[in-house]
Each structure stands twice: as C-alpha cells, then as structure tokens.
Amino acid sequence: MEVKSRRPFSNLKSWKWQNVILLALMTFYLTNFGFRVATEKFPFYAQDFFAYWSVGKIADVTGYSKVYDLNLVRSVETDEMIKLGLLESKDDPNFSPIPASYLSIFIIPFQFLSRIEIQTSATIWLIINFLMMIAYLFFFHRDPRFRGEFKTGGYSLLLVVLFSYPVFDNFLEGQINVFLMICVGEFIRNAVKGRPFISGLWLAGLLLKPPLLILLLPILLIMRYWKVVFGFMVSSLFVLTTSWVLSGTRGMIAFTTMMLKIGSGGAASSPQYMINWRMVGVNLNAWTHSNIGWIVMVLGMLATLGILIYIMKNRPVLGSIAWVMAIMGAFSATLAFTWHVHNHTAMIMIPLLIYAILKKALPVTTIWSWVLVPTGAWLAAVVIIIVISKFTLINVEWLLGFSIAMSGFLANQILFLSILYSKRKGVL
C-alpha cells in the first residue's frame with residue numbers, strides 16, 4: 001500500500017501554528033539579544049542606561065541641581081568611556097553626551113545604581129526590569145475582572161506580545177519603559193475595578209515621559225472623568241514638588257530647557273527613527289529635498305485627532321470594555337501624534353493588548369500584526385541590505401533603521417484603525 005508523504009506542519013491546527021511562531025519569535029529575539037551583548041562592548045548596548053547611570057553619578061556626587069548640565073554629563077560619560085577603553089581623550093570632538101531628560105524624582109534609583117561599577121550596574125538594571133515585567137504581567141492577567149474564555153492556544157497570544165520589537169528595543173537600549181507599562185496597566189486595572197482616584201494616581205508615572213499625556217489629559221478633562229483627574233493632580237503635585245525640592249528652581253528651569261531642546265530636534269532625538277508622523281515628515285523631506293513631508297505630517301496628525309474624537313464621542317462608562325478600548329485608541333493616537341517617541345515606548349500598549357486578548361475585543365490578526373510587522377520588516381531589510389551590498393556599491397545601511405521605524409509606525413496604525421473599525425461596527 002502506497003503511503004502518501006505529508007508536507008511538514010501540514011496537519012497543524014491554528015493554535016499549534018501560534019505556538020510555532022511564538023517559538024520562532026523567542027528564538028529570534030533571545031538569540032539576537034544574546035549575540036549583541038556578547039559581541040558589542042558596553043555601552044553600545046544599554047546605551048540609554050549609560051545616560052541614566054551618568055546622571056545618577058552626578059546626583060550622588062554634586063547634587064540633583066546639576067543633572068541637566070550637559071557639560072557635566074559629558075565629563076562623566078567621557079571619564080567612563082576612557083575607563084572602558086573606548087575613548088582616548090576627554091576632548092574628543094566626535095563624542096556627544098547622551099542626556100537623561102527626566103524629572104529628578106525618577107533619577108533617584110540611578111543614584112544608588114551609580115555606586116556600582118557601570119557594567120555590573122547595567123546587568124542588575126536589565127535583570128530587575130525583566131523580572132518586574134514578567135511578575136507584573138502575570139499579576140495583571142490573573143486579575144479576576146480580566147478573565148476571558150480562552151480557547152486552546154490563547155496563552156501563546158499573551159506570550160507573543162512579550163517577544164515583540166518594542167520589548168527587545170527596550171532591553172537592548174537599557175530603557176525605562178517597564179515602569180511606564182506598569183503605570184498604564186495600573187491606570188487601566190484600577191479603573192476597571194471601580195477605583196478612579198487610584199487609577200488617576202498611577203497616571204503621574206507618565207510624567208517620566210510627559211509627551212505621553214498630550215492627548216490623554218485633555219480627553220479625561222473633556223469627558224469629565226473628574227476623580228481620575230483629581231488622582232492625577234494629587235500624584236503629579238507630589239512628583240513635581242519632590243523634583244523641585246531635589247533640583248531647586250535652577251534645576252527645574254534646566255530640565256524645561258532640555259525638554260524644549262529635545263522637542264526641537266536636538267539632544268540626540270533622532271526623529272528619522274521614531275514611530276510617529278514626525279518621522280514620516282522628516283524622511284519624506286530628506287528623500288524629496290522639499291518640505292512636502294511637513295504637509296503630510298500635519299494632515300496625518302489632524303486625521304489622527306479626528307479619528308480619536310470619533311472613537312471617544314459617546315463618553316464610554318469609566319472602566320467598561322468600551323472605555324478601555326477607547327483609552328487604547330488614545331494611547332495609540334499619542335504614539336503617532338506626539339513629537340518625540342521611539343519604538344521601545346510602544347511597550348505601554350502591552351497591558352492594553354493583553355486586556356483586548358482576554359476580552360476578545362480585537363481581532364487576533366491585529367495582535368499578530370503588532371508583533372510580526374516590525375519583526376518581518378527587520379528581517380526583510382537585513383536580506384535586502386545583504387543582497388544590494390553584495391552586487392552593488394550602493395550604501396543602504398540606513399534602510400535597517402528606517403524599516404524598523406516605519407514598521408513600528410504601521411503596526412501602530414493597524415492597531416489604531418482596528419479600534420476604529422470595532423467602534424464603527426458597534427463592538428465598542
């Protein structure tokens with residue numbers, strides 16, 4: 001009797017395919033991260049932590065009033081680069097300091113970490129953040145109010161958001177977005193549990209990166225979620241007062257000046273690698289040698305605002321599924337609209353995505369696209385660069401950074417438009 005040969009994986013059900021893709025993502029990102037750490041010298045990985053450690057050292061030695069002094073930041077960072085054998089002279093004109101533009105209260109942990117040798121400190125920082133991320137998301141999805149009826153393989157969808165480019169980028173850069181993710185998660189969780197004041201208290205954590213509040217605060221005010229707003233005001237007063245006590249008036253003025261500098265394109269902001277409409281405009285201007293990119297940027301930002309207004313127009317009940325999804329729309333719109341945002345900041349969407357998975361509030365394809373679009377673009381860009389470099393003399397190394405940035409932007413747009421679609425269909 002002839003036995004027909006079967007193609008590999010031909011008998012896999014959809015949930016088994018999810019597990020196969022999850023395994024591939026885990027292998028890809030963990031291998032890539034391990035390779036980068038093993039082959040690159042610090043601080044070419046965990047570069048942002050290098051800045052955090054440096055301002056922590058300044059705070060520990062000279063006080064918080066000096067943490068925004070770029071000359072002092074440069075001095076500390078060049079000293080460490082020389083110790084690491086990566087710089088020969090403190091006067092090297094090619095070295096640009098990496099600032100840490102955070103309120104003083106958020107620099108306190110780095111004051112203590114700066115007392116540890118910098119490479120050991122970076123390792124401790126990454127481990128702490130990884131454990132915090134895993135512990136919090138386990139706690140978040142176990143909340144009884146978030147329980148949904150899972151089909152077989154549902155938990156692979158929960159895991160897959162952890163093996164996404166924003167998470168990889170956060171740890172590779174030594175960034176601070178795990179804290180922001182927790183703040184967003186607790187903002188949502190407490191609202192769902194009927195505790196609006198506590199929900200608002202958590203929002204002040206986003207003052208770590210104030211541009212994330214640019215659309216959310218006006219929405220909360222216009223929609224008259226007063227208890228949430230009051231909670232935010234109380235915790236914000238604490239954050240700002242503590243920072244003022246630590247840094248003094250001159251320090252707060254220096255902080256404001258630095259934020260404005262970053263907003264205008266200075267202080268290593270790299271707008272061409274962001275995931276917002278500004279990135280689209282900057283790259284279009286560079287390609288066309290014109291200002292047409294600014295027109296596209298403004299139109300895109302206006303369209304984003306218009307869609308967000310439509311999503312929020314019925315003032316959903318605080319803590320309802322419709323409210324959580326509308327807030328997801330607000331954060332998604334913020335990532336596209338705000339002036340300064342990189343791929344790693346999209347980690348704030350993870351608790352919202354998990355909620356959507358648990359409540360089946362978005363199509364599974366939307367969740368997968370958020371993860372797979374940036375990963376696929378990254379792989380495609382690498383292949384294209386290798387092929388072009390092999391057969392031509394054209395320099396296309398810029399394509400990698402652009403592809404990752406644009407794919408992060410597109411993945412967020414898919415999510416945003418999926419929320420709009422759910423609204424129009426009456427799901428929300």
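Where a number appears in this text, it was derived from the coordinates with a stated rule and is not lab data. Only a predicted model underlies this, so the values are computations on that prediction, with no experimental measurement involved. For neighbour counting, all protein chains shown are included, and Cβ atoms are generated from backbone atoms with ideal geometry for every residue, glycine included.
What separates the Cα centres of region 71-133 and region 322-376 is a distance of 31 Å.
How large is the charge dipole for the chain, taken about the Cα centre, if only the Cβ atoms of Lys, Arg (+1) and Asp, Glu (-1) carry charge, to the nearest 20 debye? Kindly include the intermediate steps, with their values, before the conclusion.
Working: 34 positive and 18 negative charges, 413 e Å.
In total the dipole reaches around 1980 debye.
Among Trp368, Ile292, His344, whose Cα lies farthest out toward the positive end of the dipole of region 279-428, if unit charges sit on the beta carbon of Lys, Arg (+1) and Asp, Glu (-1)? Value computed over the given set: Trp368.
Please list 98-107, 24-33, 338-347, 318-327 highest first by mean number of surrounding beta-carbon atoms within 10 Å per residue.
Top of the packing list down: 338-347, 98-107, 318-327, 24-33.
With a length cut of 27 Å (Cα positions projected on each helix's long axis) and a Kyte-Doolittle mean of at least 0.0, go through the chain and give me the DSSP H helices that pass. Both cut-offs are met by 14-39, 118-141, 226-263, 292-312, 364-391, 398-424.
Among the listed pairs Lys209/Lys423; Lys359/Lys425; Lys313/Lys425; Lys83/Lys261; Lys193/Lys423, those whose Cα-Cα separation exceeds 19 Å are Lys209/Lys423; Lys83/Lys261; Lys193/Lys423. Within the listed set Thr334, Thr120, Thr375, the residue fluctuating most in the Gaussian network model of the chain (springs between alpha-carbon atoms under 10 angstrom) is Thr120. Take the Cα of Phe35, step 7 Å toward its Cβ, do the same at Asn94, and the gap between the two points is 2.6 nm.
Recomputing Cα Rg over 2.2 N^0.38 Å from the coordinates shown identifies the correct label among (1) 1.02; (2) 0.96; (3) 1.27 as (1).
Dipole of the chain computed with +1 at Lys/Arg Cβ and -1 at Asp/Glu Cβ about the Cα centre; of Phe33, Ser75, Tyr64, farthest Cα towards the positive end is Phe33.
Inter-label distance, Ile128 to Ile386: 3.9 nm, where each label sits 7 Å from its Cα along the C-beta direction. From helices alone, the chain scores -22500 deg cm²/dmol at 222 nm; the rule is -39500 (n - 2.57) for each run of n ≥ 4 DSSP H residues, then divide by the residue total. Counting charges near Tyr45 (Lys, Arg +1; Asp, Glu -1) among other residues having Cβ under 12 Å from its Cβ returns a value of -2.
The label-point distance for Tyr421 and Val396, in a model that sets each label 7 Å from Cα toward Cβ, rounds to 3.0 nm.
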